[in-house]
Amino acid sequence: MDHGPRGGSERARSLPSGAGGCLPADVEEVLVGREALARRVAELGAEIGHAYAGRPLHLIGVLKGAVIFMADLARVLPLADVTFDYLAISSYGRSTETSGVVRFVKDLDEPVAGRDVLLVEDIVDTGLTLAYLREQIGRRGPASLAVAVMLDKPERRAVPVTVEYVGFRIPDRFAVGYGLDFAGRYRHLPYVGALRR
Ligand code: 5GP
């Protein structure tokens, strides 16, 4: 039976003990370690739980980058009634830049009218994607709409956008891991790393 390539196409460095995962050659350094991520997600969960106490909360994750953050966040919410939906968008432009021109490639499965919605996104960079999504979802008449992002690169903001819950502010580096990819890879890394320049 073929078990696939041994060790993958490149030799990955190990992380310091306890950190988990590996450090692929393309990843220069760890920006946010897995323990810091877990601590911050727990804090955000408590904060969000407090804000929505006793109310149903509808989470909308932006595929694919928000999947890991949303899965972790949802599981620390001290709320009894939480539902999930996902949307997928595609942005035109180069792989490490956002053009701001986005289109839905997967729309929501459920209506949001009258519901308390929390849009969950991996990272806000120029803000163009979130500004567009806030506007599009807001038009559908949710009772409330708030945004949670794991990472924020404030230096690169091109349009103002409201983000109610932010995990970490990071410098202007191309981040991978914890759901974020580079050319489809590295979403599985348990930490946020910076791609080699
Ligand atoms: P914005 O529209 O705010 O410029 O960018 C939002 C989208 O661009 C994110 O949802 C993400 O898909 C992508 N993006 C922006 N910065 C990064 C980054 O540092 N790493 C990765 N992997 N994607 C990014």
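Nothing in this text is a laboratory measurement; each read-out follows from the coordinates by a stated rule. Since the structure is predicted, the reported quantities are computational estimates derived from the model, not experimental observations.
What's the whole-number percent of alpha carbon pairs in the chain lying beyond 31 angstrom?
Details: 3799 of 19306 pairs.
Considering the chain, 20 percent of its Cα-Cα pairs are separated by more than 31 Å.
Residues whose amide H comes within less than 5 Å of that of Leu119, counting only those at least five positions distant or on another chain, are Ile60, Ala146, Val147, Ala148 (H built at 1.01 Å from N in the peptide plane). Phi angles across region 165-171 convert, under the Karplus curve 6.51 cos²θ - 1.76 cosθ + 1.60 with θ = phi - 60°, into 3J(HN,Hα) values of 10, 10, x, 9, 8, 10, x Hz, Gly and Pro given as x.
Hydrodynamic estimate: the Kirkwood radius of region 18-79 over Cα pairs, inserted into Stokes-Einstein at 4 °C and 1.567 mPa s, corresponds to D of 97 µm²/s. Taking 8 Å as the Cα distance limit and 6 or more residues as the minimum spacing, I'd like the relative contact order of the chain as a percentage. Relative contact order of the chain: 22 percent. Once the Cα atoms are used to define both axes, helix 34-51 deviates from the longest principal axis of the chain by about 0 degrees. Around the amide H of Val124, modelled in the peptide plane, lie the amide H atoms of Leu151, Asp152, Lys153, all under 5 Å away and 5 or more residues distant in sequence or on another chain.
Less than 5 angstrom separates the built amide H of Phe84 from those of Leu59, all sequence-distant by 5 or more or on a different chain. For region 30-133, compute Rh as the Kirkwood radius over C-alpha pairs and then the Stokes-Einstein diffusion coefficient at 4 °C and 1.567 mPa s; write the answer in µm²/s, rounded to an integer. Answer from the Stokes-Einstein relation: 87 µm²/s.
Calculated [222 nm] ellipticity per residue, helices only, for the chain: -6000 deg cm²/dmol; basis is -39500 (n - 2.57) per DSSP H run with n ≥ 4, divided by all residues, nearest 500.
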